[in-house]
Amino acid sequence: QVQLVESGGGLVQAGGSLRLSCEASGLTFRSYAMGWFRQAPGKEREFVAAISWSGGNINYADSVKGRFTISRDNAKNTVYLQMNSLKPEDTAVYYCAASLMGTGQRPTGYKYWGQGTQVTVSS
């Protein structure tokens, strides 16, 4: 059974940092691009970042470029999202997802999803 298990969310002050992790099981990890999405209360789910199986193709949303870094460790079946210079508008539930369709920004391109982890940034 495919599982994506996230960790690392929490409460942080504006300007602080968090590192999210997502460990995958039940799938051939290197066959998938991996992405991060987020959803704030009352808002639609939006793309954050994605990385190809080899790490050679990386895609960021404009709102996080220069502040967030996505990476993956295929030996550990894990994808990471390092979040620096956090802002209150980054507050959302963050989801990791697996795609066979590359590093696109549309949620419909991702086949498997994690349960979500809450990130709250206070001012």
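The values are calculated or read from the model by the stated rules, or taken from the named source; none is laboratory data. The structure displayed is predicted, hence computed values, not measured ones. Ideal geometry is used to build each Cβ from the backbone, glycine not excepted, and the neighbour counts take in all protein chains shown. The accessibility values were calculated without ligands, DNA or RNA, using every heavy atom of the protein model including side chains. Shrake-Rupley method; radii C 1.70, N 1.55, O 1.52, S 1.80 Å.
Here is how the numbers come out for the structure above:
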item	result
All strands (runs of 3 or more DSSP E) inside the stretch 1-103 with 1 or more residues being of a type in the set (S, T, N, Q), farther than 21 Å from SER122 by Cα and open to solvent by less than 70 Å² (accessible area, probe 1.4 Å)	18-25, 58-60, 68-73, 78-83, 92-99
Failed criterion for ARG45 (all others in (1) basic (Lys, Arg); (2) over 19 Å from GLU6 (Cβ atoms); (3) in contact with a strand residue (DSSP E or B) (Cβ under 7 Å, 6 or more places away or on another chain) hold)	(2)
Filtered residue count, the stretch 6-20, keeping only those that are closer than 19 Å to GLY66 by Cα and of a type in the set (S, T, N, Q)	2
